[in-house]
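Just below is one structure, and these are the notes that go with it.
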Amino acid sequence: MEKVTVKPGPKISDYKSYSVLQNVISNFLSKAKEHIPVIGERTIWNINSTAQGGGVAEMLPSQMRIMREMGMNVEWLVMQTEDQRFFDLTKRIHNAIHGHGDGNYSEEDRAVYNEVNLSNANKALEHIRDGDIVIIHDPQPAGMVELLKQKRNIQTIWRCHIGLDSSTDVTAAAWNFLKPTISNYDHHVFSLPEYVPEYIGKDYSIITPAIDPLSHKNRTLHMHKCIGILHHSGIINQRNPVIYDHYENRVKRVRPDGRLGNPDDLTEMDLIYRPVITQISRWDRLKGWMPLMEAFIKVKNGVSRYDVGSVHHKRVIAARLVLAGPDPGFVKDDPEGQAVLEELVEFYKSLNFDLQKDIAILLLPMDSAKENALIVNALQRSSSIVVQNSIQEGFGLTATEAMWKQVPILVSSAAGLKYQVNNEVNGKIISDAEDVDLLADTLDQMLSLPKVREKWSFNGQTRVLEKFTLFSQLSNWLELYAKMATT
């Protein structure tokens, strides 16, 4: 069990200096004044499975900094294990909750799950005291709750960030596997009402994920800064004048033979000069990587439909696709990442050179969380369209991030994404993430309508301001903590 240190970051006064955030901050401070005295000196503990990679690890530092500034005691523990069987199992559970897999779990699965959680619970007990509130995130550490409640007089919350808006035999099997565990919690929090399993009853709240507008991933990057980050990370060629040195750990691009190299080894990417379609996610089959690549190829191969020399003909010829994700070795709780990446690379190797040079599969370094976040920020801001083509998606903060940056988005109809996007108001929704023809036609249409994309992108930021900022989320959490403190 590792206790995570959260580095200093923006303070409330920094957020208040942005006029667009003042209303939501004012509402938050009003709730904080009411609820924090009720919460008192008790410590709020967050426990999850990884300190980097994924939405939980991204959201917690900002939440903790603000709550600590308000005088609250908030800490973060990350579970640890060397037993790869555990993460193989929890990845199967993750996929099953999204409706994929066979839903079969053995006695050995149960034994592995319980053993790892018991070991981590014993370590957590070295930190947790009577009266504290413990929030455990997602299925991986959920099994810690029974021992924690046996040994400490605490209030417990299970925060589930995943789900599916329909029930199948596979999803039911996953929820049944978790039932003996999550039924022991005092309260449950889900991202959408559709994700709540029937046996939970009424002991749940809905709190949507949210972004931190001043985090390195979302802060404003003016043109010279954005281009500079693309230079420093190796994505585009370095050109004088140079203010900062290259990052020590730079982005790697898949070469035609499948090996990794520098992004410009194949050909200069020139992202700042071209229409760029970008998806940034974990290497997960549920992110819809392969249909997106196939759809982009279909768009490129269909360019002959347009008059040679027409503006749209030139757009399609110039367009490039960026598929970016973390180096799989850094995301310990996602053992399928390497296999998914290898599948994409094998398909990429089969393409002709003209297509290979227009598709960039990028591995983003995670040695520095700050640099990784800035690279994602710069990639999103230099994109013409950001896509989140998830077959299933619990929420999809990558879409929220792009909307905040006023970048046009194309998303699937996965529940978490369609909750954020109003179709043809602040983005575009497609009905089937695996329908390559539909996806290709939609990408082609969006490329042809820059003024429409501009309108959607403006409305997208407004949507985020109304619903999905850090302070809206924290207001809901404070209300829940106060409720739990008096139970």
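Report the residue count in segment 72-116 for those that are β-branched (Val, Ile, Thr), assigned to a helix (DSSP H, G or I) and touching a residue at least 60 places away in the same chain (Cβ under 8 Å).
Of the residues in segment 72-116, the ones β-branched (Val, Ile, Thr) are 74, 78, 81, 90, 93, 97, 112, 116.
Subsequent filtering for residues that are assigned to a helix (DSSP H, G or I) retains 90, 93, 97, 112, 116.
Still in the list and also touching a residue at least 60 places away in the same chain (Cβ under 8 Å): 90, 93, 97.
Qualifying residue count for the region: 3.
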Note to self: Take ASN95 and tell me if it is in contact with an Asp or Glu (Cβ under 9 Å, 6 or more places away or on another chain), under 26 Å from TYR204 (Cβ atoms) and surrounded by 18 or more Cβ atoms within 10 Å (Cβ to Cβ).
What the structure shows: yes
Next item on the list: Looking for whichever is under 23 Å from PHE190 (Cβ atoms), modelled with pLDDT of 95 or more and over 14 Å from the mean Cα position of the chain (by Cα) here; the options are SER413, SER382, SER431. Which one fits?
Entry: SER413
Next item on the list: May I ask you to say which residue of ILE157, ILE162, ILE182, ILE128 is over 29 Å from PHE468 (Cβ atoms), touching a residue at least 40 places away in the same chain (Cβ under 8 Å) and not assigned by TED's automatic domain parsing to the domain that holds GLY416?
Entry: ILE128
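Can you go through HIS187, HIS216, HIS222, HIS161 and tell me which one is under 26 Å from the mean Cα position of the chain (by Cα) and more than 30 Å from LYS16 (Cβ to Cβ)? Steps first, please.
Numbers: HIS216 fails: more than 30 Å from LYS16 (Cβ to Cβ); HIS222 fails: more than 30 Å from LYS16 (Cβ to Cβ); HIS161 fails: more than 30 Å from LYS16 (Cβ to Cβ).
Criteria check complete, one pass: HIS187.
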Margin query: Every residue in segment 225-247 that is over 17 Å from GLU268 (Cβ atoms) and over 26 Å from the mean Cα position of the chain (by Cα), please.
Written below: PRO241, VAL242, ILE243, TYR244, ASP245
Next item on the list: Give segment 1-21 a look and list any residue that's under 16 Å from ASP212 (Cβ atoms), in a helix (DSSP H, G or I) and either outside the structural domain of ILE128 (by TED's automatic domain parsing) or more than 23 Å from the chain's Cα centre (by Cα) (or both), or say none.
Entry: ILE12, SER13, ASP14, LYS16, VAL20
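The values are calculated or read from the model by the stated rules, or taken from the named source; none is laboratory data. Here the structure is a predicted model, which is why all the values come from computation and not from measurement. In this analysis, Cβ positions are derived from the backbone assuming ideal geometry, glycine residues included, and neighbour counts consider all displayed protein chains.
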